[in-house]
Every structure is written in C-alpha cells, then in structure tokens.
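Enquirer: Quick one: the structure is below, and I'll ask about it shortly.
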Amino acid sequence: QVQLVESGGGLVQPGGSLRLSCAVSGSTVSANVMGWYRQAPGMQREFVAVIFSGGATNYANSVKGRFTISTDNAKNTVYLQMNSLKPEDTAVYYCNVFGRATGWGQGTQVTVSS
C-alpha cells in the first residue's frame, strides 16, 4: 500500500519560493503517475500538478509557469518547486498517486503572507 509523507512547507513572503517534498513508501515513484494537490480553508481540494511515468507534466492554470513538479527516482521522492508565490497559494499541500481517492498523508502547510 502506498504511503506518503509531505514536507517542506512554511511561511514565505509574496514572491518567495519553497520546495515541497513527498517521500513515497510501498511503491516506486517511477511506477506511478504522481500528483500534487492543495486545499485552502473552507475550500475543496484542488489539483495542482501531475507528472507521468515518462516525465511529461501538466499543471493547473493558476500555477502554470510558477510551479515545477519533478521526481528523484533514486530517493523515491516527488518534489514541487514553487516560485513567485502569491497569497492565494496559501493552502495545505498533498501528494498522492494521480487518481487515488484514499491514503492521503497529513500534508504540509504553505502560508504566503507579508
């Protein structure tokens, strides 16, 4: 069973950067399509980014050009590099196998504020 541990969140000023990490156990990153999601208070969980087995990526329009999803297969870890952060990026960020409805981790809090 796939287990996920997100880390790397924190408080950052608008325009700043953070890199989130997702450590995966129970499967290999290379064998799965992996996604990042986020949930702001009072809002639905929303899709942020996905990376396919061959390395192709797609992003939500709200983060396109600012965020980059990547993997380190040797470390079995998925990353989300976030640049030019905006206050509306504030949310708890989660990773998971793309399309998986269960097994969510605790997420990592990202707060963008002056």
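Enquirer: Enumerate the amide H contacts of S27 below 5 Å, restricted to partners 5 or more residues apart or on another chain; note that Pro and chain-start residues carry no placed amide H.
Expert: Q3
Enquirer: Can you run the Rg to Rh ratio on the chain? Use alpha carbon positions and the Kirkwood inverse-distance Rh.
Expert: We get a ratio of 0.94 for the chain.
Enquirer: Let me know the Kirkwood hydrodynamic radius for the range 48-114, please, with Cα pairs as the basis and the value in Å to one decimal.
Expert: Computed over the range 48-114, the radius equals 13.2 Å.
Enquirer: Rounded to the nearest 5, what % of DSSP beta bridges with both residues in the chain are antiparallel?
Expert: Here the share of antiparallel DSSP bridges comes out near 90 percent.
The numbers here are math on the coordinates, done by the rules we state, and not lab data. This one's a predicted model, so the numbers in the text were calculated from it and none came from an experiment.
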